[in-house]
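Working notes, beginning with the structure itself.
Rule-based calculations on the coordinates, nothing more; no lab input. A quick note: this is a predicted structure, and the numbers were derived from the prediction, not measured. Here the Cβ positions follow ideal geometry from the backbone for every residue, glycine too, while neighbour counts run over all protein chains shown.
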Amino acid sequence: MFLKNFLYLVVAILLLNTVACKSDYEKMLDRELSSGQRKDSLFLGMYFGMRRDSFFNHCLRLNAEGKITSGPKNMTAQYILPGSDPRINLNFYPRFYGDSIVVMDGYFDYASWSLWAENFHSDKLFPVVMDTLEKWYGPGFLDVSKDDKKVFVKVTGNRRIRAFIKDKQTVQLEIKNLKAPEASKD
């Protein structure tokens with residue numbers, strides 16, 4: 001009898017410890033994924049599930065309107081943040097699953113970046129990027145930085161937004177549909 005009660009107590013403590021040890025990010029992730037809410041909007045009229053041909057046609061329209069241009073080496077689309085002085089670029093290109101957007105990758109940098117101009121480095125850019133992301137997606141980003149890697153994340157429904165300093169020049173952006181068939185909770 002004592003052994004049986006002792007085992008129940010140990011199991012209960014382990015379960016409580018597991019639940020209590022969840023990080024704020026894990027709690028946010030669990031809450032948002034179980035909410036049933038869908039957030040498919042990305043930016044500039046793009047969205048999760050947008051077909052590949054629709055994405056390219058949309059970018060052609062945005063380019064014709066002067067809102068975006070080709071990014072470096074024609075590998076991305078480039079959006080210049082309106083009113084940014086000094087000029088800030090957002091270069092972006094989606095990842096597709098099948099024929100639909102499931103992840104939007106991008107990176108921000110100062111157009112005037114150079115290795116010796118420290119006021120244009122990514123650590124100075126990061127707060128500006130976070131202000132922009134909060135204007136686009138609302139407040140509620142969590143600081144999940146580890147060691148020297150600065151990372152902020154927000155999950156709303158199925159959409160996870162991560163921003164982090166990649167190197168001295170760029171702030172990386174990843175917007176992922178966590179409910180997409182290939183998506184995981186990484």
Just to check your reading of the model, which residue among GLY157, GLY140 is within 21 Å of GLN37 (Cβ to Cβ), touching an Asp or Glu at 6+ places or on another chain (Cβ under 9 Å), surrounded by fewer than 16 Cβ atoms within 10 Å (Cβ to Cβ) and among the small types (Gly, Ala, Ser)? GLY140
Could you list, in sequence order, all residues of region 54-110 that are among the aromatic types (Phe, Trp, Tyr), touching a residue at least 24 places away in the same chain (Cβ under 8 Å) and in contact with an Asp or Glu (Cβ under 9 Å, 6 or more places away or on another chain)? PHE92, TYR97
Taking only region 50-68 into account, find how many residues are loosely packed, with under 15 Cβ neighbours inside 10 Å and not in a helix (DSSP H, G or I). 3
Within region 90-123, track down each residue that is among the charged types (D, E, K, R) and in contact with a strand residue (DSSP E or B) (Cβ under 8 Å, 6 or more places away or on another chain). ARG95, ASP99, ASP105, ASP109, ASP123
Need the failing condition index for ASP131 against (1) closer than 23 Å to ASN63 by Cα; (2) of a type outside the set (Gly, Ala, Ser); (3) without any contact (Cβ under 8 Å) to a residue 24 or more places away in the chain, just the number. (1)
Subset of region 73-128 (residues that are among the hydrophobic types (A, V, I, L, M, F, W, C) and either loosely packed, with under 12 Cβ neighbours inside 10 Å or over 27 Å from ASP143 (Cα atoms) (or both)): MET75, ALA77, PHE96, LEU115, TRP116
Among the listed residues LEU142, LEU133, LEU178, which satisfies the condition of being under 13 Å from the mean Cα position of the chain (by Cα) and within 15 Å of PHE43 (Cα to Cα)? LEU133
Members of region 167-186 that are under 15 Å from ASP123 (Cα atoms), surrounded by 16 or more Cβ atoms within 10 Å (Cβ to Cβ) and out of contact with any Gly (no Cβ under 6 Å at 6 or more places or on another chain): GLN169, THR170, VAL171, GLN172
Please pick out the residue among GLY45, GLY83 that is among the small types (Gly, Ala, Ser), in a loop (DSSP other than H, G, I, E, B) and within 19 Å of ILE175 (Cβ to Cβ). GLY45
